[in-house]
Amino acid sequence: MTDETLATPVRLRTTLDSVPGYKPGKPAAAEGDTVVYKISSNENPYPPLPSVVEAVHEAVATMNRYPDMASSELTHALAQKLGVSDDEVSFGTGSVGILAALIAITCEPGDEVVYAWRSFEAYPIVTALTGARSVQVPLDADARHDLDAMAAAVTDRTRLLIVCTPNNPTGPSVRTDELRAFIEKLPKDLLVVLDEAYLEFVEADDAPDALAFYREFPNVVVLRTFSKAYGLAGLRVGYAVARPRITKALRKAATPFGVNDMAQKAAVASLAAYDELEERVQALVAERRRVVEALADADLNIPDTQANFVWLPLSERTEEFAGVAKDAGLVVRPFAGEGVRATIAEPEANDRLVDVVKGFVGTR
């Protein structure tokens, strides 16, 4: 077909002109005899547990039927694990699906969503699609949330504020004392979303207990996912813990049957097998610690990461490094002009990352 026949006079929303496209991590392409590692998407490198695979296989047999729209079994299992009621839990297609619904139920066109920047790159996308306006507050010199500046950015048009902890892509968590002081100074009708996609990898003593904050502050919502620590990235299951009124609204805004039956069954099986999953999480945390220690003498100011990745603040050399890494068989996630995020993966991939970084930037 020609460009002329592919054209259409249909009018699309002008909002789309300002919506950035999401940039997924590139797949690992074979490079001759070199084993290529994809460390660009913060995926769990371990394969699914046998019990989880079995649950998915059983669900496949009924894929001709719609899933349970209420995710009843998963809702009850998760609520019991978290110590909340079923009416406080809702699900979506990954935590980003839930976040999109949260913005949809709180924001009218022209309202504001405040979040740190750089942070998760889906934030400006899901915000703009509602017609709301992003208010991006720069991270501080340590690549952490500047909570004072974020509080100062709140106006009477702000409807939702996101705290990504640990922050993606830089890694640091916020601290308990600063988060409490921050929330206490915010308007009580402002929805505060604590995005904890990487919660299970946190080992900092001063990191907040988000569920405790949720119980203390009625305007707090906790956002989590089964994609990272649980290793279900391909099945897309995220959830929110919120007051029943918010949960009811989220269920209204959710895509009908959005969380498929295989995803629900896999998540239930994962909750039952969490002790096994915890061993894998601890192995990845140990690997993260090893990588950070190995890079301690690199000529870089690497932030204190509490996630399953490290941030390399390479500024104008970011794209150059991504090319060097690619040549070495590593697919990383570059953010042009800012830095590179590299997932903690198999030990062999981590060893190669350390060698490539030191060879690129040198040591002190």
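Here are a few things to note about the model shown:
- None of 146, 140 is of a type in the set (Asp, Glu), within 23 Å of the chain's Cα centre (by Cα) and exposed (fewer than 15 other Cβ atoms within 10 Å of the Cβ) except 140.
- Any hit, region 9-18, residues being assigned to a loop (DSSP other than H, G, I, E, B), among the aliphatic types (A, V, I, L, M) and modelled with pLDDT of 90 or more: no
- Residues (of a type in the set (A, V, I, L, M, F, W, C) and open to solvent by less than 40 Å² (accessible area, probe 1.4 Å)) located in region 122-137: 122, 125, 126, 128, 132, 135, 137
- Region 151-183: number of residues that are surrounded by fewer than 21 Cβ atoms within 10 Å (Cβ to Cβ) and within 21 Å of residue 306 (Cα to Cα): 6
- Residue in region 216-232 that is of a type in the set (Lys, Arg) and under 13 Å from residue 95 (Cα atoms) present: yes
- Residue match in region 306-314 (condition: over 24 Å from residue 175 (Cβ atoms) and open to solvent by 70 Å² or more (accessible area, probe 1.4 Å)): no
Let's see how each residue does on (1) of a type outside the set (Asp, Glu); (2) surrounded by fewer than 18 Cβ atoms within 10 Å (Cβ to Cβ):
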| position | (1), (2) |
| --- | --- |
| 45 | yes, no |
| 58 | no, yes |
| 64 | yes, yes |
| 74 | yes, no |
| 77 | yes, no |
| 82 | yes, yes |
| 93 | yes, no |
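- Qualifying positions in region 239-277 - among the charged types (D, E, K, R), touching a residue at least 40 places away in the same chain (Cβ under 8 Å) and within 28 Å of residue 350 (Cβ to Cβ): 276
The values are calculated or read from the model by the stated rules, or taken from the named source; none is laboratory data. These numbers come from a predicted model, not from an experiment. Note that we place each Cβ from the backbone using ideal geometry, even for glycine, and neighbour counts take in every protein chain shown. Accessible surface is based on the protein model in full, side chains and every heavy atom, while ligands, DNA and RNA are left aside. Shrake-Rupley method; radii C 1.70, N 1.55, O 1.52, S 1.80 Å.
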